[in-house]
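I have placed the structure first, in the form of structure tokens, so that the comments after it can refer back to it.
The values are calculated or read from the model by the stated rules, or taken from the named source; none is laboratory data. Just so it is clear, the structure is predicted and the values come from calculations on it, not from any experiment. Ideal geometry is used to build each Cβ from the backbone, glycine not excepted, and the neighbour counts take in all protein chains shown. Please note that ligands, DNA and RNA were not included when accessible areas were found on the heavy atoms of the full protein model with its side chains. Shrake-Rupley method; radii C 1.70, N 1.55, O 1.52, S 1.80 Å.
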Amino acid sequence: MPARPDRHLLIGDEQDLPLLRALLPSFPQDASGELVLELPAEHGPLPSTPPGISTRILPCEPGTPGGLRACAALDAWAGEWLHGDHARPEAHSIFVGLTGNLLVTRLCEALVTRHRGLHMHRPSHAGSPL
């Protein structure tokens, strides 16, 4: 049986909220990590998370391509958590939504290639390589 990941990262946008609302209640109460949402200024209620999972909102800015802030957050997270003492890719469980966003897809592909064994989930979507 695979070991339970030490840390979780969930990144999504408005389209991912229903899936995240369904997924988060299955997390153990002692889960730790971060929920990062790229959302417009006017958004509905946020999903509930276990106490050890913090929520961060990345406000969408008019004229900025969707997924740009989510990519910056994912890249910064990987830079912080996938090196040194935290380098074991199997110690992390990552969910990245924003299905169909080419920027996000390319970054996810690069991270999986660079960090063999990285536990990354993407919502299924016809033609999606991840």
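To keep it simple, each residue is scored yes or no on (1) under 24 Å from residue 115 (Cβ atoms); (2) surrounded by 11 or more Cβ atoms within 10 Å (Cβ to Cβ); (3) of a type in the set (A, V, I, L, M, F, W, C).
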{"position": "27", "(1), (2), (3)": "yes, yes, yes"}
{"position": "30", "(1), (2), (3)": "no, no, no"}
{"position": "38", "(1), (2), (3)": "yes, yes, no"}
{"position": "52", "(1), (2), (3)": "yes, yes, no"}
{"position": "58", "(1), (2), (3)": "yes, yes, yes"}
{"position": "61", "(1), (2), (3)": "no, yes, no"}
{"position": "78", "(1), (2), (3)": "yes, yes, yes"}
{"position": "101", "(1), (2), (3)": "yes, yes, no"}
> Counting only residues that are at pLDDT 90 or above and in a loop (DSSP other than H, G, I, E, B), which one in the range 88-99 is most open to solvent (accessible area, probe 1.4 Å)?
Replying inline: 99
>> Name the residue that is most open to solvent (accessible area, probe 1.4 Å), counting only residues in the range 103-124 that are under 13 Å from residue 72 (Cα atoms) and touching a Gly at 6+ places or on another chain (Cβ under 7 Å).
In response: 103
>> Just to check your reading of the model, which residue among 49, 64 is at pLDDT below 90, assigned to a loop (DSSP other than H, G, I, E, B) and hydroxyl-bearing (Ser, Thr, Tyr)?
In response: 64
> If you scan the range 5-25, which residues turn out to be open to solvent by less than 90 Å² (accessible area, probe 1.4 Å) and in a helix (DSSP H, G or I)?
Replying inline: 16, 17, 18, 19, 20, 22, 23, 24
>> Looking at the range 35-58 only, could you name the residues that are out of contact with any Lys or Arg (no Cβ under 8 Å at 6 or more places or on another chain) and closer than 15 Å to residue 73 by Cα?
In response: 39, 54, 55, 56, 57
